[in-house]
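Every read-out reported here was derived from the displayed coordinates using simple, explicitly stated rules and does not represent laboratory data. Predicted model only: the values in this text are computed from it and were never measured. Virtual Cβ from ideal backbone geometry, glycine too; neighbours counted across all protein chains shown.
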Amino acid sequence: MRTRKTPPPHFDDAEIVRRCLNGDTEAFGRLVEKYQGAVYAIAYAYLRNRESSLEVLQESFCTAYTNLAQLRNTSAFGPWLKEITCHKASQVAKEERRRTKFETPFPLRKVVSLEEARDRAPDIDKQTDVRAAVLEAIDTLPEHYRLVVVLRYLQELTYNEIADFLGESYDEVRGILQKAGKMLRDALSNTDFGNERGSAWHRVHK
């Protein structure tokens, strides 16, 4: 009996979905390979926790695979998967917020000895502070802008990959990033870091 082969990388999403629905059990792996980085980045943007984000990653693909026949527009698999991921990540975030209300709070930073504090290189602290400031600034962006920034600069997806995942055009993605970049520069320039750190976004996103 002749077995079907997994489609090569140049096949578009619609063709891969069609093959999945026709019984090619290996074809879905191509979609996982293509979108797993984006799904993880979206989950992490909501949760800021590796373990929880990986759980959302797995659950999102399982849900997509189980409900693939319900996808009416097979060429829109990316945006559909994004909606599944955002919904699941949002649910997990709500559950974690409810759970932490009843837990004893612990320090968010690792407690170090006096010797370790003295030996720590100042530039490491500086880099950590810059990253924290950038992440806080990203959190102030509108959700749609935030997702595009996370996909581009934290996950390092290309414009075309982001467009496929979000259902936007190349030019729309570029326009969002330009507007988000200005908003981030403005947000960073108004922090305690002052004008010197106001250019932090330039250094971090390169």
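At a glance:
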| read-out | value |
| --- | --- |
| Sequence of Arg98, Arg19, Arg131 once ranked by neighbouring C-beta atoms within 10 Å, starting from the fewest | Arg98, Arg131, Arg19 |
| Estimated Rh, the stretch 7-106: Kirkwood, alpha-carbon pairs, angstrom | 14.4 |
